[in-house]
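Presented below is the structure to which this report refers.
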Amino acid sequence: MSTILIIDDEKAIRKTLNEILTFEGYKVTEASDGEEGLKLFSSTTFDVVLCDIKMPKMDGIEFLVKATELNPDVPVVMISGHGTIETAVDAVKKGAFDYISKPPDLNRMLITLRNAMDKNTLSKETRTLKRKVSRVQEMIGESEGIARIKDTIEKVAPTDARVLVTGENGVGKEMVARWIHEKSNRNTGPIIEVNCAAIPGELIESELFGHEKGSFTSAIKQRIGKFEQASGGTLFLDEVGDMSLSAQAKVLRALQEGKITRVGGDKEISVDVRVVAATNKDLLKEVEDKNFRLDLYHRLGVILIHVPSLNERRDDIPLLVDKFLGDIGVEYGQAKKTIDKKAMDALQRHNWSGNIRELRNVVERLVILSGKSIQLEDVNNYVLPR
Ligand SMILES: Nc1ncnc2c1ncn2[C@@H]1O[C@H](COP(=O)(O)OP(=O)(O)OP(=O)(O)O)[C@@H](O)[C@H]1O
Ligand SMILES: [Mg+2]
């Protein structure tokens, strides 16, 4: 059932509109001024808003501007009285979907509302489409190692189980984390990434849990932490092995209780977050060295996914090279370059200490420096150590 919010200070008008629209099968909510309307608007997602222009407290234009800021996807139809036609036209320029005049012509109003709903559905569809297009990149590889990872992702993603992804630099740990999110039921929610290695120890708690204004010298504004931002979605704790012990203790508590407290705050806030963590460190060794908490290790690593190094899955190199040749061609707006068999063999034998990231860089370098077809000579000149 489609939902409509009617905002008008005249009770009689609200009542009439409500009766008509309810009869037409809409679910109607009423507000008697812009302020009340905005409160309802910010707590519920309506399909359409019908809004009067002249009202006490907050008028229709102010409501329109604020509502569009909060959610630009919900169409607002203005109701214009005799004296406010010009304002209504102005409102349309400011982003209102359309306006109807008072007293409303029934047919025209219903058509306008239907059009507004269609626009709403369209923009929702566009967004879903965009999301699909910008989706995580394809995971290339037919080696046993990659097949096993894809299989694990399929099985694990729909559950809320925590996953710890391990592997050397550049093997594709982040890609695995993004696929887990994409294939989960949380994929309409956000995936929020925290690079634990990049944030100074004293700031990581505020980064993860947020802070209240004034809780420390540089906390001039309240800040919402990554745990809260990720609510309804996935929190990706990258380089988790680099997190300070004091942050580890707090993360552990957040995972155990599903609640967090902002730095300098006293309120406990419930968060609905699935955590996926990644590290290139040997966490059990870090535990031995007292750099990482064993209890946190067990909490994070309910499911372990180890991404094999590229040297362990050389069979995948031709597929990856082919993919990167295509991608880079598109990026530079040129035709896809080809690669000679001998050159490919040399790449397949190379020692890839930087894994897939290094391979991509190398292919990019070869595309820039070689002719239409990449030759063994190019590989010898530009890739292999002399
Ligand atoms: N199977 C794959 N198919 C295609 N591209 C891949 C694959 N795995 C990784 N990549 C690409 O390789 C690059 C490195 O991957 P990613 O950032 O996921 O690695 P990482 O393990 O998180 O690296 P680091 O340890 O440096 O953080 C990215 O550009 C990613 O898109
Ligand atoms: Mg990474």
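Among residues of region 142-158 being closer than 21 Å to THR279 by Cβ and not basic (Lys, Arg), the one that is nearest to ligand 1 (Cβ to nearest atom) is ILE146. The number of residues in region 59-72 being open to solvent by 10 Å² or more (accessible area, probe 1.4 Å) and touching a strand residue (DSSP E or B) at 6+ places or on another chain (Cβ under 9 Å) comes to 3. Evaluation of PHE236 against the conditions (1) closer than 20 Å to ASP160 by Cα; (2) away from ligand 1 (no atom under 15 Å from the Cβ); (3) open to solvent by less than 10 Å² (accessible area, probe 1.4 Å) shows that the sole unmet condition is (2). In the set ILE180, ILE204, only one residue is within 16 Å of ligand 1 (Cβ to nearest atom) and part of a helix (DSSP H, G or I); that residue is ILE180.
No other residue among ARG178, ARG186 is in contact with a Gly (Cβ under 7 Å, 6 or more places away or on another chain) and either closer than 25 Å to GLY258 by Cβ or away from ligand 2 (no atom under 16 Å from the Cβ) (or both) apart from ARG186. Just one of the listed residues (ALA161, ALA147, ALA157) is more than 16 Å from ligand 2 (Cβ to nearest atom), open to solvent by 50 Å² or more (accessible area, probe 1.4 Å), at pLDDT 95 or above and of a type in the set (Gly, Ala, Ser), and it is ALA147.
Among the residues of region 73-120, the one identified as hydrophobic (A, V, I, L, M, F, W, C), open to solvent by 60 Å² or more (accessible area, probe 1.4 Å) and not in a helix (DSSP H, G or I) is PHE97. Which one is surrounded by the most Cβ atoms within 10 Å (Cβ to Cβ), of the residues in region 183-201 that are within 16 Å of ligand 1 (Cβ to nearest atom) and over 19 Å from VAL273 (Cα atoms)? This residue is ILE199.
The values are calculated or read from the model by the stated rules, or taken from the named source; none is laboratory data. From a predicted model like this one, the values you see are computed outputs, not experimental measurements. Cβ: placed from backbone, ideal geometry, glycine included. Neighbour counts: every protein chain shown. Note: accessible area is taken over every heavy atom of the protein model, side chains too, but ligands, DNA and RNA are not part of it. Shrake-Rupley method; radii C 1.70, N 1.55, O 1.52, S 1.80 Å.
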